[in-house]
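To start, the structure under review is shown below, and the notes come after it.
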Amino acid sequence: MRMRLLTLCAAFLAFAAHADYRNYTDGIQALERSDLARAEALLRGALAQNSEPKERVRLYGSNFQPYLPQYYLGLTLARQKRCPEAMALLNNAAYRALLPSERVRQVATEDASVRRQCAATGTTVATTAPTPTPGAATAPATSTPAPVPASNSAPAALSASELAAAERAIASLRSLINRPGASAVAALSNRINTAVAGIERARNGKDSPALSRELSAGNALAAQLGRELAQAIAQTAPPPVVPAPPPAATATAPTVAQARTAPALLRQSAIAFYGGDYRGVLTLNAGAVSGIDQGFVRLLQSASALYLFEIGGRKDPAMLKRAASERNEARRLYQKAPSSTFFSPRFIAFWRET
């Protein structure tokens, strides 16, 4: 029974295999279609989830490719004439260390081309600057005010933390559109587009109070949609098998309702984690079950807390502490190393830390 249950939970997680690369691959595809706004949002999401470039990773199945989020996001921004931001990414030391590799030769060639184009506009250093109107050349910094950006801008009147929060919120919302179960959630795309438009309007208008309100509403919507997606998945998932009570049940034997407790909690945690509702995973009471069952729930809680810490810009030490605490308990109870098939490289490295 327990092995069947854990197999069911593993099946849910299998859908999320290499999920940390989905934003990356979708972002590259959007870039190839010249859908620059979507490419930017997806690639920023990939960078927030896993910022370490690698010469070779398994994106899915047997498809091994370089993982270079800095390059593709930099290329996306350069095509929008946002050379200062592009150069900040292309000058990333870890990314540049991979350029001599034979596996990334084509990227190195394109990288050099982007640098020449940006150099022609006077951009040679990695600095943050307002975005010019698309199609206009990026001029060196002067005392003349920059033109008002048409879209996807970084208004100078807002702080760096506000701009980063806006980027994260937009990426988080847009990533929900392609989640499994999205078609079953009422008006999901319209709700997301409305929220994103509100954030972008406040950001482009350099309105800090309005941006704060829109971010609060957008983050609340993302959490709500995460729950709705999880519910949509749960409605289509097969129910866990619960064995009938033994013929000679005693007063101390578990009831059918009690027997359902472990499957329900494990299934609930897997669905929430798979649906991207990481905060929902953290609200579950792992203490309601014991042994390997509790270890499994705490494993997902540790991964959820770490992902929230990373997505939040690594600014919440309490979230990192929660991730470490749950990891330590999961190690003790689950007694198995998390599989790289189901969890991100960042979490695998975190699990191995002492």
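Taking first residues from region 264-285 that are among the polar types (S, T, N, Q) and partners that are surrounded by fewer than 24 Cβ atoms within 10 Å (Cβ to Cβ), the Cβ contacts under 6 Å between residues at least 6 apart in sequence or on separate chains come to Ser269/Leu284. Residue count for region 269-301, restricted to those that are surrounded by fewer than 23 Cβ atoms within 10 Å (Cβ to Cβ), over 21 Å from Arg22 (Cβ atoms) and not hydrophobic (A, V, I, L, M, F, W, C): 7.
Residue count for region 317-354, restricted to those that are of a type in the set (S, T, N, Q) and farther than 20 Å from Ile292 by Cα: 2. Looking only at residues in region 93-114 that are part of a helix (DSSP H, G or I) and among the small types (Gly, Ala, Ser), the one that is surrounded by the fewest Cβ atoms within 10 Å (Cβ to Cβ) is Ala93.
Answer yes or no as to whether Ala303 is outside the structural domain of Ile177 (by TED's automatic domain parsing), within 28 Å of Lys54 (Cβ to Cβ), modelled with pLDDT of 85 or more and within 15 Å of the chain's Cα centre (by Cα). Yes: the conditions hold for Ala303.
Cβ separations smaller than 6 Å between residues 6+ apart or across chains give the following pairs from region 84-109 residues that are touching a residue at least 60 places away in the same chain (Cβ under 8 Å) to residues that are part of a helix (DSSP H, G or I): Glu85/Leu77. Can you spot a residue in region 36-47 that is in contact with a Cys (Cβ under 8 Å, 6 or more places away or on another chain) and assigned to a helix (DSSP H, G or I)? Scanning region 36-47, I find no residue that is in contact with a Cys (Cβ under 8 Å, 6 or more places away or on another chain) and assigned to a helix (DSSP H, G or I), so the answer is no. In the list Ala249, Ala272, Ala230, which residue meets the criterion of being in the same structural domain as Ser172 (by TED's automatic domain parsing) and at pLDDT below 90? Of Ala249, Ala272, Ala230, the one residue that is in the same structural domain as Ser172 (by TED's automatic domain parsing) and at pLDDT below 90 is Ala230.
Every test in (1) surrounded by fewer than 17 Cβ atoms within 10 Å (Cβ to Cβ); (2) not in a helix (DSSP H, G or I) is passed by Gln65 save one, and that test is (1).
The values are calculated or read from the model by the stated rules, or taken from the named source; none is laboratory data. This one's a predicted model, so the numbers in the text were calculated from it and none came from an experiment. Backbone-built Cβ (ideal geometry, glycine too); neighbour counts: all protein chains shown.
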